[in-house]
Amino acid sequence: MNIFSPDLFRQQFPALKEKTIYLDSAATALKPLAMIEASDAFYRHNFATVHRSQYQHAKETTQQYEATRQQVAELINSADSDTIIWTKGTTESLNFIAQGYFRPRLQAGDEIIVSEQEHHANLIPWLILAEQTGARVIRWAIEDHFLPSINSLNALINKRTRIVAVSQMSNVTGAQIALDKVSQCVHQYDNCLLVVDGAQGIAHHPTDVTAFDIDFYVFSAHKLYGPNGLGICYGKRKHLEDMAPWHGGGKMLTNATFDGFTPAPIPQRFEAGTPNVAGVIAFSATLAWLEKQDMHHANQYALELAEEAERRLSELNGFISYRASNSSIVSFNFEGVHHSDLATLITEKGIALRTGQHCAQPLIDSLNISGCLRISFMPYNQLSDIDAFIDAVIFALTLLKDE
Ligand code: PMP
């Protein structure tokens, strides 16, 4: 049964009261009241940090903080909440995996397959790692429907391949790869691990790290209606337990002398220093709120909006779409018009969108363009946003064509 109500959903997002029409959710999602109020309440009524002090507030905060790991584990279907490591975001999670897990394990001649659709966050850490270890980064090119193909992966992968890094959903085209097929291909080789960037995918599709046999899965809370500055790194227990601490400092050890230290068990081993307690507590409220929404139908509605936006755009002369099927993101250009000129004029009409290379330069290069505009939809958008946007596009195109 569909219990999603666009109006009720929208009412939970106070930022929508601002005049801007927000079509930039792929950059960051707006925040529901549940998250804002939890963050406010934490700073107003609480003050404790975690895993350190004995007083009541501190103990309760520690419990809540740890319970949030369990909520995240359930969200991505990990049976074990110790496999959830808090970081600052997707970017930090990927650097953590590259430097913490792989750096001591890679050697010259090893290969890292990276898809061409990746955000720089899932490319640069591998390039840095390759430079440090003598490994090689291998490009897994996109083909039809803006996707890299499983056949090509099969042709590239071999016994030297140690890592296959791919995003669940592209932040430009919205293309979503079949993770089960990628995983099957990767796990033909015992020595090869699958790293999945879930930064975009997490907001649109539930992910199952167990069913897809994913070795590392990462995302940022802020793209899933949660707070800024909080990221998640899931890793299989055996990988995390094999991994030495990445950062040193308070609370990541069980014993310290001038001769050395004993690392704490996972996950604390990787969380040196005072963590983002308020962020975790606010994310807990976000996840509890999400549980109560009919996100299946909500996300379906966001997809329909994207489809409608693309349809309306395609009625205008010169429209070029870079939207993959089933994507809530619509990236586009107009023939003979520079993307940033168009974006500047559209923005003047109070529309929030993004233009440029979207931190995915290899993908933009493969499309043979210098950049493109991007609009992205969440279930808090509505048809009238599309009307306003299309009016702004027509206004901008008319001005630019008159020049
Ligand atoms: N990967 C993808 C696919 C993204 O869209 C983003 C954010 N634009 C990132 C990684 C990086 O996320 P963050 O900036 O939150 O670390």
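The values are calculated or read from the model by the stated rules, or taken from the named source; none is laboratory data. From a predicted model like this one, the values you see are computed outputs, not experimental measurements. Note: ideal-geometry Cβ built from the backbone for every residue, glycine included; neighbour counts use all protein chains shown.
Looking across region 378-387, just one residue is in contact (Cβ under 8 Å) with a residue 60 or more places away in the chain and surrounded by fewer than 17 Cβ atoms within 10 Å (Cβ to Cβ), and that is LEU383. Of all residues in region 143-170, those that are of a type outside the set (A, V, I, L, M, F, W, C) and in contact with a strand residue (DSSP E or B) (Cβ under 7 Å, 6 or more places away or on another chain) total 7. Taking the criterion of being within 15 Å of VAL218 (Cβ to Cβ) and either in contact with a Ser or Thr (Cβ under 7 Å, 6 or more places away or on another chain) or without any contact (Cβ under 8 Å) to a residue 40 or more places away in the chain (or both), the residues of region 116-128 that qualify are GLU118, HIS119, ALA121, ASN122, ILE124, PRO125, TRP126. Only a single criterion out of (1) within 16 Å of the ligand (Cβ to nearest atom); (2) over 22 Å from PRO362 (Cβ atoms) is not satisfied by ILE128, namely (2). Just one of the listed residues (ILE36, ILE85) is of a type outside the set (Gly, Ala, Ser), in contact with a Cys (Cβ under 8 Å, 6 or more places away or on another chain) and at pLDDT 95 or above, and it is ILE85. Among the conditions (1) surrounded by fewer than 21 Cβ atoms within 10 Å (Cβ to Cβ); (2) in contact with a Gly (Cβ under 6 Å, 6 or more places away or on another chain), the only one that PHE219 does not satisfy is (1).
Mind counting the residues in region 367-403 that are within 16 Å of the ligand (Cβ to nearest atom) and of a type outside the set (A, V, I, L, M, F, W, C)? Selection size over region 367-403: 3.
Sub-9 Å Cβ pairs linking a first residue in region 85-109 that is over 22 Å from ALA264 (Cα atoms) to a second residue that is among the aromatic types (Phe, Trp, Tyr) and within 13 Å of the ligand (Cβ to nearest atom), at least 6 apart or interchain, are GLY89/PHE219; THR90/PHE219, ordered by first then second residue.
Scanning region 45-70 for residues that are surrounded by fewer than 19 Cβ atoms within 10 Å (Cβ to Cβ) and within 17 Å of VAL209 (Cβ to Cβ) yields a count of 1.
Which one is farthest from GLU241 (Cα to Cα), of the residues in region 85-113 that are within 15 Å of the ligand (Cβ to nearest atom) and surrounded by 24 or more Cβ atoms within 10 Å (Cβ to Cβ)? So the residue we want is THR90.
Of the residues examined, PHE212 is one that is under 19 Å from the mean Cα position of the chain (by Cα), away from the ligand (no atom under 16 Å from the Cβ) and not in a helix (DSSP H, G or I). Within region 360-384, the set of residues being over 24 Å from the mean Cα position of the chain (by Cα) and either closer than 16 Å to GLN200 by Cβ or in a helix (DSSP H, G or I) (or both) comprises LEU383, SER384.
Among all positions in region 278-289, there is at least one residue which is surrounded by fewer than 17 Cβ atoms within 10 Å (Cβ to Cβ) and within 19 Å of HIS204 (Cα to Cα). The requirement of being touching a residue at least 12 places away in the same chain (Cβ under 8 Å) and surrounded by fewer than 18 Cβ atoms within 10 Å (Cβ to Cβ) is not satisfied by ASN151.
What helices (runs of 4 or more DSSP H) completely inside region 223-334 contain at least 1 residues that are among the acidic types (Asp, Glu) and touching a residue at least 12 places away in the same chain (Cβ under 8 Å)?
Numbers: elements: 237-241, 277-292, 295-314.
Here the list reads 237-241, 295-314.
Residues satisfying the criterion are absent from region 319-335 (criterion: surrounded by fewer than 20 Cβ atoms within 10 Å (Cβ to Cβ), more than 21 Å from the chain's Cα centre (by Cα) and at pLDDT below 95). Total residues in region 73-88 satisfying the condition of being part of a loop (DSSP other than H, G, I, E, B) and at negative phi: the figure is 5.
Here VAL166, VAL186, VAL218, VAL196 are screened, and the one residue that is at pLDDT 95 or above, touching a Cys at 6+ places or on another chain (Cβ under 8 Å) and within 16 Å of the ligand (Cβ to nearest atom) is VAL218.
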